[in-house]
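A.B. asks: First the structure, which I've put down as structure tokens, then a few questions once you've had a look.
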Amino acid sequence: MKLRRQALFPSWIPLCLLAATLWIAGCTHAIPLKVTMEVPPTVNKIPVRIGVFYSQEFRNYQHVGSRGGDRWDFPLGSVSVPLFDQAFATLFNSVESVPSLPPLSGYPGLAAVIAPKIEAFGFSLPFLKTGTYTAEITYRFTLYSLKGDPIASWTVKGIGEKPGQVGFEFARWPGEAADLAMQEAVTKFLNGFSDVPEIQRWLRETKGSANK
């Protein structure tokens, strides 16, 4: 007695193969970022006019990571630009966007130009969705004279942790962990700017030139 072809290959097998293929391919999660800045009460405004340069690499910076077979996209650059707009306006007496790194001409009154860069980013996902999501970001800042000479270059690291919850918001908790990491990095930048030895020397020289 011959078995029918349909019995050998039930109709549900193609559907199972499709589901397995989709599972192997994984999903792409676009991470929503909504970082806000809290101004530390100890920040004193520095009485200088500073230029700010955001490279296209910085503006467009996107971290793409693979975890658990899924792709996780963090649009870090597009969020970092308005974040540091607020930070620089908080720290300096006056801020002006410039189109390139120094040397620059036609920008009277600028004391220097600062350029941020995202040097590193990492994140981790818990085994259970209700576990703790973590993120870590490192920014590098370089301060240039108007002639193009580096005055100072230093890094600031921020770490964020966020406990997850049961539900279908797979991208929310990694995003909130990244928000907290960026927020901590900005706070450290504001609090620690004047503690960088090269910055201290530059501030003394700038103050001395203004008093002449």
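A.B. asks: When the stretch 160-174 is examined, which residues are found to be of a type outside the set (D, E, K, R) and either in a strand (DSSP E or B) or loosely packed, with under 14 Cβ neighbours inside 10 Å (or both)?
C.D. replies: Listed by number, the residues that qualify are Gly160, Pro163, Gln165, Val166, Gly167, Phe168.
A.B. asks: Any idea which of (1) charged (D, E, K, R); (2) surrounded by 17 or more Cβ atoms within 10 Å (Cβ to Cβ); (3) without any contact (Cβ under 8 Å) to a residue 40 or more places away in the chain is the one Glu119 doesn't satisfy?
C.D. replies: The single condition Glu119 does not satisfy is (2).
A.B. asks: Then there is this: Please find, within the stretch 188-207, the residue that is farthest from Lys45 (Cα to Cα) out of those that are free of Cβ contacts under 8 Å to residues at least 60 places away in the same chain and hydrophobic (A, V, I, L, M, F, W, C).
C.D. replies: Val196
A.B. asks: Under 7 Å by Cβ, and 6 or more places apart or on different chains, what pairs join a residue from the stretch 124-138 that is surrounded by 17 or more Cβ atoms within 10 Å (Cβ to Cβ) with one that is assigned to a loop (DSSP other than H, G, I, E, B) and not basic (Lys, Arg)?
C.D. replies: Leu125/Gly68; Tyr133/Leu125; Tyr133/Pro126; Tyr133/Gly164
Table: residues versus (1) closer than 21 Å to Arg59 by Cα; (2) modelled with pLDDT of 95 or more; (3) in contact with a strand residue (DSSP E or B) (Cβ under 9 Å, 6 or more places away or on another chain).
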{"residue": "Ala111", "(1), (2), (3)": "no, yes, yes"}
{"residue": "Gly131", "(1), (2), (3)": "no, no, yes"}
{"residue": "Tyr139", "(1), (2), (3)": "yes, yes, yes"}
{"residue": "Glu161", "(1), (2), (3)": "no, yes, yes"}
{"residue": "Glu176", "(1), (2), (3)": "yes, yes, yes"}
{"residue": "Asp179", "(1), (2), (3)": "yes, yes, yes"}
{"residue": "Phe193", "(1), (2), (3)": "no, yes, yes"}
{"residue": "Pro197", "(1), (2), (3)": "no, yes, yes"}
{"residue": "Ser209", "(1), (2), (3)": "no, no, no"}
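A.B. asks: On to the next question. Quick check on Gly65: is it surrounded by 15 or more Cβ atoms within 10 Å (Cβ to Cβ), of a type in the set (Gly, Ala, Ser) and at pLDDT below 95?
C.D. replies: It is true that Gly65 is surrounded by 15 or more Cβ atoms within 10 Å (Cβ to Cβ), of a type in the set (Gly, Ala, Ser) and at pLDDT below 95.
A.B. asks: Hey, another quick one. Being small (Gly, Ala, Ser) and either under 19 Å from Leu83 (Cα atoms) or in contact (Cβ under 8 Å) with a residue 60 or more places away in the chain (or both) narrows it down to one of Ala152, Ala171, so name that one.
C.D. replies: Answer to the selection: Ala171.
A.B. asks: Only one residue in Pro103, Pro82 is surrounded by fewer than 14 Cβ atoms within 10 Å (Cβ to Cβ) and under 18 Å from the mean Cα position of the chain (by Cα), so which one is that?
C.D. replies: None of the other options fit; the residue is Pro82.
A.B. asks: For the stretch 84-97, state whether one or more residues are over 24 Å from Ser194 (Cβ atoms) and at pLDDT 95 or above.
C.D. replies: Looking through the stretch 84-97, none of the residues is over 24 Å from Ser194 (Cβ atoms) and at pLDDT 95 or above.
The values are calculated or read from the model by the stated rules, or taken from the named source; none is laboratory data. Here the structure is a predicted model, which is why all the values come from computation and not from measurement. Note: ideal-geometry Cβ built from the backbone for every residue, glycine included; neighbour counts use all protein chains shown.
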